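Engineer: Pasting in a structure now, in C-alpha cells, and then I'll have a few things to ask.
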Amino acid sequence: MSAQIATDAAPAIASYNFAYLDEQTKRMIRRAILKAIAIPGYQVPFASREMPMPYGWGTGGVQVTAAIIGPEDVLKVIDQGADDTTNAVSIRAFFAKVANVATTTRTMEATIIQTRHRIPETKLSAGQVLVYQVPIPEPLRFLEPRETETRKMHALEEYGLMHVKLYEDIARHGEISTTYAYPVMVEGRYVMDPSPTPKFDNPKMHRSEALQLFGAGREKRIYAVPPFTEVVSLDFEDHPFEIQTFDRPCALCAAENVYLDEVVLDDSGGRMFVCSDTDHCEDRRAQGHRGEMAGHPLETAK
Amino acid sequence: MSDEILIEGDAGFAAVAASERPLLSVSGLSKIYGARIGCIDVSFDVWPGEVLAIVGESGSGKTTLLNCISSRLAPTTGTVSYQMRDGRMGDVFRMSEAERRHLMRTDWGFVHQNPIDGLRMSVSAGANVGERLMAVGQRHYGSIRAEASEWLGRVEIDADRIDDQPRAFSGGMRQRLQIARNLVTEPRLVFMDEPTGGLDVSVQARLLDLLRGLVSDLGLSVIIVTHDLAVARLLSDRILVMKEGRVIESGLTDRVLDDPRAPYTQLLVSSILQV
Ligand SMILES: Nc1ncnc2c1ncn2[C@@H]1O[C@H](COP(=O)(O)OP(=O)(O)OP(=O)(O)O)[C@@H](O)[C@H]1O
Ligand SMILES: [Mg+2]
C-alpha cells in the first residue's frame, strides 16, 4: 500500500493512469478513507466514479482498491470465498493490467484482499487490507427509507430500529433468522452493515489485525473498521448472537469450523459440502488433509 | 367584538413545588407561514393530569399550534417550556436535538389523526408497541414481548394479533395500536391531533371511552386537537377556542360549552347538537 504516484506506472500501460483512476480522484477517495478510519463504522460520502464495469459488480470495492494500491502490492480477489469466479478473475485481471501488480490466490501472501461476501478463513494479520464490495451500506435502510432520517439516527445513536428488525425475526421464525449482512455495533458507537457476508464471518471482524475498508459504488459511501476495533453483533439477552454451525466437515479437506457451501453433484440429488474459501481448502489439501470425497475432481464440484 | 380575548384560570396559581407548577408552559407563541398566519401570540399552561382540548374551525391554527408545542414544527416566535422528570423546566427549543428526540419518545407521545403517520405499517403490532422500549435500551425479547402483549390488551386488541402487521387492522384497531405504541413508555404528556377524525361514529365512541379510561388510569396530561365539541366535552378539563390563529376564549370545559362568552364560541356551541 505504499502510496506511489502516476510516474511509477509501467510504460506498457501508459494509456491508463496507474490503477485506472486519475490522481485527483484517488486523493478524493483516500480522504474519504482516512475520514472513515478516523470514525470507525461511520459512512463517509464520496464522489463515486463510473468504472468500466456495471454497478453491482463491485465498483465501490474497486475504487477503494484503486485508491490504496501501489506497485509493490499483492492483490487477491474473492467472490463468495472463491478466487476463480468470473467476477473475481476479471477484477484481478483489471488490476494486473491497469496497475501492473502481482496477484495471488493465497490469503497469506496478499497485501490487499478485495472481497465480495466472505472473509477468508485464514486469520488476517497486521499490514493486510480487506476491501469489501458493498451493495447497500445503510443498515437502517429497510426499516427507514428516508436518508435524512437514517443520518439523524446515526448522529444521535438512535438504534432502537435495528432491534425492531431482530424482534421481527424472532417473532416470525422463533430465532434471529438474519444470516447475511448481520448488523454490528462498531467500537460501541456506529451500527454498521458488514456487507452481505454470512454472520459466520462477523466474529472475524472483531479486533481484526487487518484494516477493513468498505466501498459502496452505487450508494457512494465508504466506511472502515481499523485494526483492533471492537465489532459486536447485535442481539437480545435471551436470544444471543450465534454463528452458523455445520454438522459435518468439508468433504474435500475435512476442515471443521469453516463456512461450507453446498455443491450439487448430479441430477439424482447427490451433493456435498465444501469450504467456501477455496484457497483455505486447497492449502489444507496440499498439507495432506483429506475429506470423505477428496478423490472427487473439483471441476465437477464447482 | 369576536376578537375580544377572554382568558381565565391562571391567576390563582402561584408556582411552588414541582407538582404545583405547570407541566407545559406556552408563551407568546406564533407561527407565520410566509404571508399566511398559522397561529398568533398563544399562551397557556397545562397542568399535570390535565386534559386540554384545542377547538376551532378548519384552518383556525389548531394543528399548527399542536405541532409547534410538540416541537415538530419550529415556531416563528415564542417559547415552550416543559417540566422534565427531574422537575427542572426545560426550554423545548433550546434543548439539543438529542435531548428533544429523547423526550419525544419517552416522556411524550404523539397520536396522529391518520394512524399510517404514527405506525410502522410493515412491522408487526408487537414490534410497533415494543419499538420505544427497544429505543430506550431494553434488550430482553421476552419481556419486550410481554409488555407489548399487555399493552395490546389494554387497548382491546386480541393477544393473538401481536404478530400481525397493522395493514391487516381496521381503522379503529390501528388507532388503538398507535395509542398503545405511544403509551408503552408511560409518557406524562400526550399530544393528539383529531385522534377520532377518520373513524365512523360507533368506532369513535369506543375509542373515546378507551381514551378516557387510559387518561384517568395513567394520570396522563393530554393536549387534544379536535373540531368536534362533543369529543372535547367528553375528554377535556379545559378548552382553548381558536379562530384565525388566535385563542379567543379559554376556560373549564363545562363553563365554555354551557356558558360561552365570546360570540364566536356561542356560534360554535349553538351550531352543534348538544351532548
Ligand atoms: N405548511 C404550511 N404552509 C403554509 N400555510 C400553512 C401550512 N400549514 C398550515 N397553513 C395555514 O395555516 C393556517 C392554519 O392551519 P392548520 O392546519 O393549523 O389549521 P387547523 O385548525 O388544524 O385546520 P383543520 O381543522 O382543517 O385541520 C391555515 O390557514 C393553513 O392554510
Ligand atoms: Mg388540523
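Engineer: Which value in deg cm²/dmol, rounded to the nearest 500, describes the helix-derived mean residue ellipticity at 222 nm for chain B, given -39,500 (n - 2.57) per DSSP H run of n ≥ 4 and division by the residue count? Walk me through the numbers before you get to the answer.
Structural biologist: On the way: 10 runs with 99 residues, N = 275.
Here the helix-only value at 222 nm equals -10500 deg cm²/dmol.
Engineer: On to the next question. Restrict the search to the range A:12-78; then list the GluC sites (Glu not before Pro) that DSSP places in a loop and that have at most 11 other Cβ atoms within 10 Å of their Cβ. Mind showing how you got there, number by number?
Structural biologist: Details: sites: A:E23, A:E50, A:E72; in loops: A:E50, A:E72.
Filter output for the range A:12-78: A:E50.
Engineer: Once amide H atoms are placed 1.01 Å from N in the peptide plane, what residues at a sequence separation of 5 or more from A:T103, or on another chain, have their amide H within under 5 Å of its amide H?
Structural biologist: Answer set, sorted by chain and number: A:L75.
Engineer: Between Rg and the Kirkwood Rh of the range B:82-188, both from Cα atoms, what is the Rg to Rh ratio?
Structural biologist: Rounded to two decimals, Rg/Rh equals 1.01.
Engineer: Using a 1.4 angstrom probe on the protein heavy atoms only, could you order A:R207, B:R238 from most to least accessible area? Please list the in-between numbers first.
Structural biologist: Numbers: A:R207 130, B:R238 20 Å².
So the residues, ranked largest to smallest area, are A:R207, B:R238.
Engineer: Residues of the range A:162-207 that become at least 40 Å² less accessible with every protein chain present than in their own chain isolated, using 1.4 Å: which are they?
Structural biologist: A:H163, A:V164, A:Y167, A:E168, A:A171
Engineer: How much of the accessible area of chain B, in percent, comes from carbon and sulfur atoms when a 1.4 Å probe is used? Mind showing how you got there, number by number?
Structural biologist: Working: 5930 of 11790 Å².
Here carbon and sulfur together make up 50 percent of the probe-accessible area.
Engineer: Hey, can you list the residues from the range B:140-157 whose accessible area shrinks by 30 Å² or more with all protein chains present, relative to the chain by itself (probe 1.4 Å, no ligands or nucleic acids)?
Structural biologist: Those are B:H140, B:Y141, which lose 30 Å² or more relative to the chain on its own.
Engineer: Under a no-solvent Debye model with one identical scatterer per Cα of the range A:160-221, what's log10 I(q)/I(0) at q = 0.15, 0.17, 0.22 Å⁻¹?
Structural biologist: Here the Debye-derived log intensity ratios amount to -0.55, -0.69, -1.05.
Engineer: I've got another one for you. Over the Cα atoms of the range A:103-175, what radius of gyration and what Dmax do you get, in Å?
Structural biologist: For the range A:103-175, the Cα radius of gyration and maximum Cα-Cα distance read 17.5, 46 Å.
Engineer: Find the eigenvalues of the gyration tensor of the Cα atoms of the range A:260-301, then list the square roots of 5 times those eigenvalues as equivalent ellipsoid semi-axes, largest first, in whole angstrom. Could the numbers behind the result be given before it?
Structural biologist: Numbers: eigenvalues 75, 23, 13 Å².
Working from the Cα gyration tensor, I get semi-axes of 19, 11, 8 Å.
Engineer: To the nearest 10 degrees, how steeply does helix B:171-183 sit against the main Cα axis of chain B, on a 0 to 90 scale?
Structural biologist: That helix lies at roughly 90 degrees to the long axis.
Engineer: Further, regarding this structure: Helix by helix through chain A, keep the DSSP H runs that span 27 Å or more along the axis on Cα and average at least 1.6 on Kyte-Doolittle, and give those back in order. Don't skip to the answer; put the middle values down first.
Structural biologist: Values: long enough: none.
Once both thresholds are applied, nothing remains.
Engineer: Hey, another quick one. Pulled fully out, how much extra length does the chain show between B:E97 and B:A168, if you take 0.36 nm times their separation in residues and subtract their Cα-Cα distance? List each step's numbers first, then the result.
Structural biologist: Values: separation 71, 0.36 × 71 = 25.56 nm, distance 3.45 nm.
Residue separation times 0.36 nm, minus the Cα-Cα distance, leaves 22.1 nm.
Engineer: Here is a follow-up. Once R0 is set to 56 Å, what does the formula 1/(1 + (r/R0)^6) return for the Cβ-Cβ distance between A:A126 and B:M121, expressed as a FRET efficiency to the nearest 0.05? Mind dumping the intermediate values first?
Structural biologist: Numbers: r = 48 Å, r/R0 = 0.86.
Efficiency at R0 = 56 Å is approximately 0.70.
Engineer: Let me ask something additional. Just the number, please: carbon plus sulfur as a percent of the accessible area of chain A, 1.4 Å probe, no ligands or DNA/RNA counted.
Structural biologist: Working: 6900 of 13180 Å².
Carbon and sulfur: 52 percent of the exposed surface of chain A.
Engineer: On to the next question. According to a simple spin-label model (label point 7 Å from Cα along Cα-to-Cβ), what is the distance in nm between A:H289 and A:A155?
Structural biologist: Computed distance between label sites A:A155 and A:H289 equals 4.9 nm.
Engineer: Can I ask one more? Can you give me the pair-distance distribution of chain A, C-alpha pairs, 10 Å bins, whole percents?
Structural biologist: For chain A, the pair-distance distribution reads 6, 26, 33, 23, 10, 1, 0.
Engineer: While we're on this one: Which residues' amide hydrogens lie under 5 Å from the amide hydrogen of A:Q128, considering only partners 5 or more residues apart or on another chain, with H built in the peptide plane?
Structural biologist: Here A:L211 satisfy the definition.
Engineer: I've got another one for you. Per residue, how much accessible area does the range A:13-233 show when a 1.4 Å probe rolls over the protein heavy atoms, in square angstrom? If you can, show how the numbers build up before the last one.
Structural biologist: Working: 8270 Å² over 221 residues.
On a per-residue basis, 37 Å².
Engineer: Which Cα, out of A:I37, B:G90, A:C253, lies furthest along the positive dipole direction of the protein assembly as shown (beta carbon charges, K/R +1, D/E -1)?
Structural biologist: Checked the options; the winner is A:I37.
Engineer: Over chain B, with a single point scatterer placed on each C-alpha, what log10 of the ratio I(q)/I(0) does the Debye formula yield at q = 0.10, 0.11, 0.13 1/Å?
Structural biologist: One equal scatterer on each Cα of chain B leads to -0.52, -0.63, -0.88.
Engineer: Of the listed pairs A:K165/B:K62; A:K76/A:K220; A:K165/B:K31; A:K152/B:K31; A:K123/A:K152, which have alpha-carbon separations greater than 30 Å here?
Structural biologist: Details: A:K165/B:K62 36 Å; A:K76/A:K220 23 Å; A:K165/B:K31 38 Å; A:K152/B:K31 25 Å; A:K123/A:K152 36 Å.
Correct reply: A:K165/B:K62; A:K165/B:K31; A:K123/A:K152.
Engineer: Taking Cα atoms, how many degrees apart are the long axis of helix B:125-135 and the longest axis of chain B, rounded to 10 and kept between 0 and 90?
Structural biologist: With both axes taken from Cα atoms, the answer is about 80 degrees.
Engineer: Related question: In Å, what Rg and Dmax follow from the Cα atoms of the range A:188-263?
Structural biologist: Computed over the Cα atoms of the range A:188-263, radius of gyration and Dmax are 15.0, 41 Å.
Engineer: Also, I was wondering about something else. Write down the Å³ per residue value for the convex hull defined by the alpha carbon atoms of the range B:128-275.
Structural biologist: Details: hull volume 18.7 nm³, N = 148.
Expressed per residue, the convex hull around the Cα atoms of the range B:128-275 is 126 Å³.
Engineer: Calculate the tail of P(r) for the range B:171-230: the fraction of all Cα-Cα distances greater than 12 Å, expressed in %.
Structural biologist: Working: 1204 of 1770 pairs.
Summing the P(r) of the range B:171-230 above 12 Å gives 68 percent of all pairs.
Engineer: Now for a separate question. If you find the alpha carbon centre of the range A:102-179 and of the range A:17-36, how far apart are they in angstrom?
Structural biologist: With the range A:102-179 and the range A:17-36 each reduced to a Cα centre, they are spaced 23 Å.
Engineer: Related question: Take the Cα radius of gyration of the protein assembly as shown and divide it by 2.2 N^0.38 Å, with N its residue count; two decimals is plenty.
Structural biologist: Numbers: Rg = 30.8 Å, N = 577, 2.2 N^0.38 = 24.6 Å.
Expressed relative to 2.2 N^0.38 Å, the Cα Rg reads 1.25.
The values are calculated or read from the model by the stated rules, or taken from the named source; none is laboratory data. In this text, all values refer to a predicted model and were calculated from it rather than measured experimentally. Cβ coordinates were reconstructed from backbone atoms using ideal geometry, including for glycine residues, and neighbour counts include every protein chain displayed. With ligands, DNA and RNA removed, areas are computed over all heavy atoms of the protein, side chains included. Shrake-Rupley method; radii C 1.70, N 1.55, O 1.52, S 1.80 Å.
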